[in-house]
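What follows draws every value from the coordinates through simple rules; no lab data is involved. What you see is a predicted model; the values in this text were computed from it and never measured. Cβ placement follows ideal geometry from the backbone for every residue including glycine, while neighbour counts extend to all protein chains displayed.
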Amino acid sequence: MRIKRYLLVSGRLQEEPGPEDRLQASPGEPGESWIDVRDATPDELHTFLTRLDLHPTQLKRCLDSVNEPGVVSFGRTLLMEYPAEFNRESMEPAYLTILLQDHLLVTVRHGDMKALDDLAQSLTGEVEPPLLHLPQIIYLILDQFTDLNVDAQVAIRDQVQILSDKLAENPGEVKNSDLSRLRAQVQNLVSLVENELYCISGLNASDNEALQDPHKKAYIQDLVSETEIAQRGVYRLEARVKDLYTDYQAAGSERVDRRLRLLTIVSAITLPLGLLAGLLGMNVGGVPGTTYSSGFFIVTGLMVLVVVVEYWYFRHKGWFD
């Protein structure tokens, strides 16, 4: 288990080295603490969390191997399990467990979260405006992940546009596997954003005392608005992918129709030729032309004439269009 400890004092966040058994600032010491936990085994996490005096339901949620998005608030402790970074190739998103208790913020990572490292690095530098309290840090964490999902939407939207252009110019270059993979990515992103909105709405509705100040509530309400906008965006993206898949199916049906039409034309042309060959090839008496030395050329010319006439007819009727 790796732990990074930060101290928020006078509007500035600074990394604070210290013993791993220290949870927060010493009695009488100013400031609020943020502890970031990663790579923790279940036993290590259990040992660490039992020192926070969590409600049994919250402790069970934290230690459960199956992450479920949501907010659980009991007394002075708020727990939120939040689906974090979106991975287009993975069906399971990374989860971040957030615990807010008095002057202590604990984040437990379940998966890789480079964005959280980047945020912590930026917050320990010069931040304008200054950080005022721990809920503001929670807001910045969640806002960072919301921005990542918007970036994922843009990347998928560009991919949809590329496939749409290919489908318009050369439908044969677009494969069903490309569309299936794209649909799976969009569905994963839709599920992720819906779960994030569920978590943030639960955070906004929480009765935890640390979030009741109107100034702090404003941060959470802003997050709700941002996530609702992101949700509408992924729904539009989902509709575009469905339209693209419909166009792909229509293009495929058109290719099949063209091939069937060509086969029908070829069959229609060869049918009279087969009839002539069958009639003139019967091994019975009285077949015309058998005594003429130029009979073969006459029949061949007749067949060519039939093909030319049929081809002209089908072309004139637009069967080749």
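Some points to look at:
- Straight-distance crosslink candidates among aspartates and glutamates, where the alpha carbon sits under 15 Å from Lys216 and sequence neighbours closer than 8 are dropped: Asp102, Asp143, Asp207
- Helix-only CD estimate at 222 nm, as mean residue ellipticity for the chain, using -39500 (n - 2.57) per DSSP H run (n ≥ 4): -20000 deg cm²/dmol
- Neighbour net charge for Ala268 - beta-carbon separation under 12 angstrom, K R +1, D E -1: +1
- Charge dipole (the chain, unit charges on Cβ, about Cα centre) - positive-most of Ile162, Leu7, Phe145: Ile162
- Choice from Thr107, Thr270, Thr146 with maximal GNM fluctuation in the chain (Cα, 10 Å cutoff): Thr270
- For the chain, a crude dipole built from +1 on the beta carbon of Lys and Arg and -1 on the beta carbon of Asp and Glu, taken about the Cα centre, is about 1940 debye to the nearest 20.
- 3J(HN,Hα) from dihedral phi, segment 199-204, Karplus parametrisation 6.51/-1.76/1.60, rounded to Hz, x for glycine, proline: 5, 5, 5, x, 5, 5
- Reachable aspartates and glutamates, given that their alpha-carbon falls under 18 Å from the alpha-carbon of Lys242 and they are not under 8 places away in the same chain: Asp158, Asp165, Asp178
- The Cβ shell under 11 Å around Leu54 holds other residues with a net charge of +3, Lys and Arg each +1, Asp and Glu each -1.
- Extreme residue, positive dipole direction of segment 2-251, given options Thr57, Ile220, Tyr245 (C-beta unit charges): Tyr245
- Scanning residues 5 or more positions from Ser73 or on other chains, those with amide H under 5 Å from its amide H are Leu79, with H placed 1.01 Å from N in the peptide plane.
- Segment 201-321 - convex hull of the alpha-carbon atoms, volume per residue in Å³: 154
- Choice from Pro93, Pro83, Pro214 showing the highest fluctuation, given a GNM over the chain with Cα pairs closer than 10 Å: Pro214
- Residues Met282, Met80, arranged from fewest to most other Cβ atoms within 10 angstrom of their Cβ, appear as Met282, Met80.
- Residues in segment 94-99 carry Karplus couplings, in order, of 6, 10, 10, 8, 10, 10 Hz; the curve used is 6.51 cos²θ - 1.76 cosθ + 1.60 with θ = phi - 60°, and Gly or Pro positions show x.
- For the chain, taking Cα atoms only, Rg and Dmax work out to 35.0, 125 Å respectively.
- Segment 300-312 - phi-based ³J(HN,Hα) in whole Hz, Karplus 6.51/-1.76/1.60, Gly and Pro as x: 4, x, 5, 5, 4, 5, 4, 5, 5, 5, 5, 4, 4
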